[in-house]
Amino acid sequence: MQPYRRVLAAALFLWLTHPVLLWGADRPDACLLFTRTDASELLQTSVSQGVAGSAVSPAGSSCRYFYKEDGGVFGVTVTYCTDVTIGDEGIYDSAADVMVRQLRARKNSAYAASFLRLFSDLGDESFWDGSTLWVRKDHHLVLIKPEPRITGTFADRAAADAAKQKRSLELARNAGKVIVARLP
C-alpha cells in the first residue's frame, strides 16, 4: 500500500472510531459524534440526514435524525457541548457546572424529581429527566432526546406516556453508550 493510502486509511479509521479526535474538542459537532448510521441502528429504520443546528443553554451543536411513519414524526436529537462552548455562552462555567445546576433544580422540584433517575454507568455522571438523558464525561456534555414511535393499545393516556418514557430511556441509554465510547 502506498504511503498516502496508509495515512488516508488511518485517518478514516480514526474518524469512524473516534471522530472527536479529528475535529477538536473546542468545536463539537453532534452529527459527527452520533451519525446517521448510528441513529438508523438505534431506531431500527432508515432516518433522514442529520439536521445540524446550534444549541443554547447549554451552548454547543445539535443534530436531529428523524423518520415519518403513519402521519407522525419520530427520531432522536443529540446535543453536544464542551467546556469551551458552554463557557463562551456565559450562562454556565463548564459541563460540570451545568450538571450541578440542572440536578439541583430538578431535585428542588417535586414534579421534576419524580422523573429524575441517576446513572453511574454512563460517563462521569448522567441523569434522566423524563425526556432527555444528560451525560457528562470530563469536559464534554451530551443531551440525548429520543422521540420513539410507540405502538399498541393502552388503558389510558398515562399508560401510553409511561410506555413512551420507558422506550425513550432505553433508546437514550443505548445511544449514550455509543457516544461515551467516542468521547476523549
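Could you give me the residue pairs with C-beta distances under 8 Å whose first residue belongs to the range 42-58 and is on the phi < 0 side of the Ramachandran plot, whose second residue is surrounded by 13 or more Cβ atoms within 10 Å (Cβ to Cβ) and among the acidic types (Asp, Glu) wherever it lies, and which are 6+ apart or on separate chains?
Qualifying pairs under 8 Å: Ala52/Asp29; Val56/Glu89; Pro58/Glu89.
Looking at the structure I just gave you, is Arg149 charged (D, E, K, R) and in contact with a helix residue (DSSP H, G or I) (Cβ under 8 Å, 6 or more places away or on another chain)? I'd like the intermediate steps shown before the answer.
Numbers: charged (D, E, K, R): yes; in contact with a helix residue (DSSP H, G or I) (Cβ under 8 Å, 6 or more places away or on another chain): no.
Against the criterion (charged (D, E, K, R) and in contact with a helix residue (DSSP H, G or I) (Cβ under 8 Å, 6 or more places away or on another chain)), Arg149 does not qualify.
Here is a list: Ser40, Ser46, Ser61. Which entry is at pLDDT 95 or above, surrounded by 14 or more Cβ atoms within 10 Å (Cβ to Cβ) and more than 22 Å from Ala163 (Cα to Cα)? It would help to see each step written out before you state the result.
Numbers: Ser40 fails: more than 22 Å from Ala163 (Cα to Cα); Ser46 fails: surrounded by 14 or more Cβ atoms within 10 Å (Cβ to Cβ).
Being at pLDDT 95 or above, surrounded by 14 or more Cβ atoms within 10 Å (Cβ to Cβ) and more than 22 Å from Ala163 (Cα to Cα) holds for just one of Ser40, Ser46, Ser61, which is Ser61.
Criterion first (at pLDDT 95 or above, out of contact with any Leu (no Cβ under 7 Å at 6 or more places or on another chain), buried (at least 16 other Cβ atoms within 10 Å of the Cβ) and not in a loop (DSSP other than H, G, I, E, B)) does Lys166 satisfy it?
no
Looking at this structure, is Ala52 modelled with pLDDT of 95 or more and touching a Cys at 6+ places or on another chain (Cβ under 7 Å)? Reasoning before the result, please.
Working: modelled with pLDDT of 95 or more: yes; touching a Cys at 6+ places or on another chain (Cβ under 7 Å): yes.
Here the answer is yes, as Ala52 does meet what is asked.
Kindly establish whether Asp97 is among the acidic types (Asp, Glu), within 16 Å of the chain's Cα centre (by Cα), surrounded by 14 or more Cβ atoms within 10 Å (Cβ to Cβ) and over 23 Å from Val51 (Cα atoms). Outline the logic, then answer.
Values: among the acidic types (Asp, Glu): yes; within 16 Å of the chain's Cα centre (by Cα): no; surrounded by 14 or more Cβ atoms within 10 Å (Cβ to Cβ): yes; over 23 Å from Val51 (Cα atoms): yes.
Against the criterion (among the acidic types (Asp, Glu), within 16 Å of the chain's Cα centre (by Cα), surrounded by 14 or more Cβ atoms within 10 Å (Cβ to Cβ) and over 23 Å from Val51 (Cα atoms)), Asp97 does not qualify.
Which residue, of Asp138, Asp129, Asp156, is on the phi > 0 side of the Ramachandran plot, modelled with pLDDT of 95 or more, of a type in the set (D, E, K, R) and out of contact with any strand residue (DSSP E or B) (no Cβ under 8 Å at 6 or more places or on another chain)? Even if it seems obvious, please write down each step before you answer.
Details: Asp129 fails: on the phi > 0 side of the Ramachandran plot; Asp156 fails: on the phi > 0 side of the Ramachandran plot.
It is Asp138.
Which fully enclosed strands (runs of 3 or more DSSP E) of the range 73-159 have 2 or more residues being under 18 Å from Phe34 (Cα atoms)? If you could, list the steps in order and put the result at the bottom.
On the way: elements: 117-119, 125-128, 133-137, 140-147.
Fully inside the range 73-159 and qualifying: 133-137, 140-147.
Restricting to the range 27-38, name every residue that is in a helix (DSSP H, G or I) and either under 19 Å from Leu141 (Cβ atoms) or in contact (Cβ under 8 Å) with a residue 60 or more places away in the chain (or both). Even if it seems obvious, please write down each step before you answer.
Quick first cut of the range 27-38, residues in a helix (DSSP H, G or I) only: 30-33, 36-38.
Passing the criteria: Ala30, Cys31, Leu32, Leu33, Asp38.
Name the pairs: first residue in the range 60-82 and under 14 Å from Gly176 (Cα atoms) and among the polar types (S, T, N, Q), second residue modelled with pLDDT of 95 or more and not in a strand (DSSP E or B), Cβ to Cβ under 7 Å, at least 6 apart or on different chains?
Thr79/Ala30
For the range 39-66, enumerate the residues that are in a strand (DSSP E or B), out of contact with any helix residue (DSSP H, G or I) (no Cβ under 7 Å at 6 or more places or on another chain) and under 18 Å from Leu171 (Cα atoms).
Step one: of the range 39-66, the residues in a strand (DSSP E or B) are 51-55, 60-66.
Right, trim to out of contact with any helix residue (DSSP H, G or I) (no Cβ under 7 Å at 6 or more places or on another chain) and you get 51, 53-55, 64, 66.
Passing the criteria: Arg64, Phe66.
Answer with yes or no whether Asp26 is of a type outside the set (Lys, Arg), farther than 18 Å from Asn174 by Cβ and either modelled with pLDDT of 95 or more or within 17 Å of the chain's Cα centre (by Cα) (or both). I'd like the intermediate steps shown before the answer.
On the way: of a type outside the set (Lys, Arg): yes; farther than 18 Å from Asn174 by Cβ: yes; either modelled with pLDDT of 95 or more or within 17 Å of the chain's Cα centre (by Cα) (or both): no.
The answer is no for Asp26.
The values are calculated or read from the model by the stated rules, or taken from the named source; none is laboratory data. Treat the numbers as computed from the prediction; the structure is a model and nothing was measured. Methodologically, a virtual Cβ is constructed for each residue, glycine included, from the backbone with ideal geometry; neighbour enumeration extends over all protein chains shown.
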